[in-house]
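**Q** Input: one structure, supplied below.
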């Protein structure tokens, strides 16, 4: 069950472009982790008040969670992909994007009233 939550101080693109961003990330995560897209959730929280490196220049903080264990190869690939997609879609420089990747134990993740384990 991949989940990506994006907090960004960048001005959000128009609604259609935001929808494309979220669906692009949904497909990307499903492919990268080999999971059905029906279990992928994406979220964008724009216009956050943020600083990074002492400035208010547009930045992003991303939380990416996935049930199971991500390998070093997977985390590097998905980090590069997500960074590229966000930089292009939101106009945030790649060096102003932090991504936190978390392995989520199935017993600690629930859906429809029950855990995945």
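**Q** Pick from the stretch 12-41 the residues that are assigned to a loop (DSSP other than H, G, I, E, B) and in contact (Cβ under 8 Å) with a residue 60 or more places away in the chain: which of them is farthest from residue 60 (Cα to Cα)?
**A** Top of the filtered list is 13.
**Q** Between residues in the stretch 90-117 that are over 18 Å from residue 63 (Cα atoms) and residues that are modelled with pLDDT of 95 or more and not in a helix (DSSP H, G or I), which pairs lie under 7 Å by C-beta distance while being six or more apart or on different chains?
**A** Going by the 7 Å Cβ cut-off, the qualifying pairs are 91/10; 91/58.
**Q** Which numbered condition in (1) within 21 Å of residue 92 (Cβ to Cβ); (2) at pLDDT 95 or above is the only one that residue 12 fails?
**A** Of the numbered conditions (1) within 21 Å of residue 92 (Cβ to Cβ); (2) at pLDDT 95 or above, the odd one out for residue 12 is (2).
**Q** Hey, could you check the stretch 85-111 for residues that are within 20 Å of residue 47 (Cβ to Cβ) and touching a strand residue (DSSP E or B) at 6+ places or on another chain (Cβ under 9 Å) and say which is surrounded by the fewest Cβ atoms within 10 Å (Cβ to Cβ)?
**A** Filtering the stretch 85-111 for residues that are within 20 Å of residue 47 (Cβ to Cβ) and touching a strand residue (DSSP E or B) at 6+ places or on another chain (Cβ under 9 Å), the one surrounded by the fewest Cβ atoms within 10 Å (Cβ to Cβ) comes out as 98.
**Q** Just one of (1) surrounded by fewer than 12 Cβ atoms within 10 Å (Cβ to Cβ); (2) touching a strand residue (DSSP E or B) at 6+ places or on another chain (Cβ under 6 Å) trips up residue 48, so point out which.
**A** It fails just one condition, (1).
**Q** So, in the stretch 2-11, how many residues would count as being surrounded by 20 or more Cβ atoms within 10 Å (Cβ to Cβ) and outside any strand (DSSP E or B)?
**A** The number of residues fulfilling the criteria is 3.
**Q** Take the stretch 42-79 and flag every residue that is assigned to a strand (DSSP E or B) and closer than 16 Å to residue 99 by Cα.
**A** 42, 43, 44, 45, 52, 60, 61, 62, 63, 64, 65, 66
**Q** Those residues that are surrounded by 10 or more Cβ atoms within 10 Å (Cβ to Cβ) and either touching a residue at least 40 places away in the same chain (Cβ under 8 Å) or over 16 Å from the mean Cα position of the chain (by Cα) (or both), I need them from the stretch 72-84; list them, please.
**A** 74, 77, 78, 81, 82
The values are calculated or read from the model by the stated rules, or taken from the named source; none is laboratory data. As the structure is a computational prediction, the values presented were derived from the model and not from experiment. Heads up, the Cβs are rebuilt from the backbone with ideal geometry, glycines too, and the neighbour counts pull from every protein chain shown.
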